[in-house]
1. Residue by residue through the range D:31-45, what is 3J(HN,Hα) from phi via Karplus (6.51 cos²θ - 1.76 cosθ + 1.60, θ = phi - 60°)? Round to whole Hz and write x for glycine and proline.
2. Would you mind giving the total buried accessible surface between chains A and D, with a 1.4 Å probe and ligands, DNA and RNA left out, rounded to the nearest 100 Å²?
3. Using mean Cβ contacts within 10 Å as the protection proxy, how do D:66-74, C:32-40 order, highest first?
4. Work out from phi, with θ = phi - 60° and the Karplus expression 6.51 cos²θ - 1.76 cosθ + 1.60, the ³J(HN,Hα) of each residue of the range C:49-54, listed in order in whole Hz, and give x for Gly and Pro.
5. How far apart are the C:P22 label points across copies, placing each 7 Å from Cα toward Cβ, in nm, shortest first?
6. What relative contact order, as a whole-number percentage, does chain C give when Cα pairs under 8 Å and 6 or more residues apart are counted?
7. With a 10 Å cut-off between alpha carbons and a GNM built on chain B, which of B:P42, B:P21, B:P60 moves the most?
8. Excluding B:N79 itself, calculate the net charge of residues whose Cβ lies under 12 Å from the Cβ of B:N79, where each Lys or Arg counts +1 and each Asp or Glu counts -1.
4 protein chains.
Amino acid sequence: MNPHLTGVGSTMWVVADGYIPPGSSGPEPEMTSHDSICMLNPGDAGARVEVYVYFTDRDPVGPYVLSIAPRRAFHQRINDLEDPEPIPVGTDYCLVAVSDVPIVVQHTRLDSRQEANALMSTIAFPAA
Amino acid sequence: MNPHLTGVGSTMWVVADGYIPPGSSGPEPEMTSHDSICMLNPGDAGARVEVYVYFTDRDPVGPYVLSIAPRRAFHQRINDLEDPEPIPVGTDYCLVAVSDVPIVVQHTRLDSRQEANALMSTIAFPAA
Amino acid sequence: MNPHLTGVGSTMWVVADGYIPPGSSGPEPEMTSHDSICMLNPGDAGARVEVYVYFTDRDPVGPYVLSIAPRRAFHQRINDLEDPEPIPVGTDYCLVAVSDVPIVVQHTRLDSRQEANALMSTIAFPAA
Amino acid sequence: MNPHLTGVGSTMWVVADGYIPPGSSGPEPEMTSHDSICMLNPGDAGARVEVYVYFTDRDPVGPYVLSIAPRRAFHQRINDLEDPEPIPVGTDYCLVAVSDVPIVVQHTRLDSRQEANALMSTIAFPAA
């Protein structure tokens, strides 16, 4: 039923505005303030994705290693990354996602610090 | 009056952050929470668009087949897709739109789960 | 003081999700719901921009002709276009902007139908 | 721990919809209405970034000179630029960021003029 999409996408993606809003309004976990990288692995082989997180005042942290099965969506809240270390809230960061096979990455933030949530989203920058 | 724009756009577009917010505030249908793919067929031939939807934990579904007349806008709420099956709300997904002629695709979400609606939008990723 | 940026940008840009929300909350004109195309002409020559608007069920309308002086910003609310005809509110549309010199176009919507405004923005699709 | 990413990105980026909302709701500085350019310098050499700001009715202003250390994030609120002159609030502008080494730029606005904040974001346009 699905087209053969091996090779669709890019193997390196950059998000430049990373920030997990500190504080939330509304029920958890759906309305918890978060940053996400939403990924599609459209191909016929599994993807091994390494995420590196860059900060303003210290060396980058990573890799955070994620596995995406063939022909699967994978939406990762940055809040939930734990290994090698959690990403602090209320802190400016950037990230680079490097995959061994082409994928597509979209960056989305939900900010519910005030009473009605705000959203922002952009296709990440395909760097390779 | 209109320019000849056959060939403008791309024949494959990817949206990586698909999610229909479950729940809405305000009058239907305009304020109903939804994901949309907004498409332009700028050319002189009709477009046949096949949409494939990818999930986290099961095989992709599709094609959803859409027809766009020449020189027409076509904004499709994902909520309204029915054949081969509706897209569940509150569920992470990605989608690929494949067209037989070049088109342009923009992805937009309206989230009215809380009292004032939130919006996000991005030009989708042109993959071919 | 400014760099020589003639040639920076693209001569054709596409916005696929056009929609002027019908209704607003808050003071006019700043909080009036609107769609905008925000343009930069970074070069040393004036730009003549022709905007064509596409609808779901009728032929495209245009050109709306805009002039941007060299090295100037130009943010155009779609609500304010009048010649050859106003764009109706609450109506799906797409648009193509064709310029005789390279420019850059970003699409932004402010939706204040509900009590706190929502925003969305994306760099338009550079088609040429 | 981090990959060698010298050369990733672009040396010229354009933001076409610049606007600092005049007025804010909520605690400062985190909820103060602002425009930001969020930058990653992924490479092994420091970046010298020159920002030029374009207006509707006067000559561009700049350069605003920013330095980004190797492998560092740098999120700059436009509100905080002071030299050669502050950017006025409530005023349409565009900006061009020129870097001596490749970087990645994302544009984000937080608008808290009304009671719940709105957000918008897009990867800027890579022009070189």
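1. Listing the rounded values in order: 9, 5, 4, 7, 9, 9, 10, 9, 10, 10, 9, x, x, 8, 10 Hz.
2. Adding both sides of the contact gives about 2700 Å².
3. C:32-40, D:66-74
4. Rounded to whole hertz, the list is 10, 10, 10, 10, 10, 10.
5. Ordered by distance, the counterparts are at 3.2, 3.2, 4.5 nm.
6. 40 percent
7. Among B:P42, B:P21, B:P60, the largest GNM mean-square fluctuation belongs to B:P60.
8. -2
The values are calculated or read from the model by the stated rules, or taken from the named source; none is laboratory data. Given the structure is predicted, the values throughout are model-derived calculations rather than measurements. Methodologically, a virtual Cβ is constructed for each residue, glycine included, from the backbone with ideal geometry; neighbour enumeration extends over all protein chains shown. Heads up: the accessible areas ignore ligands, DNA and RNA and are worked out on the full protein's heavy atoms, side chains in. Shrake-Rupley method; radii C 1.70, N 1.55, O 1.52, S 1.80 Å.
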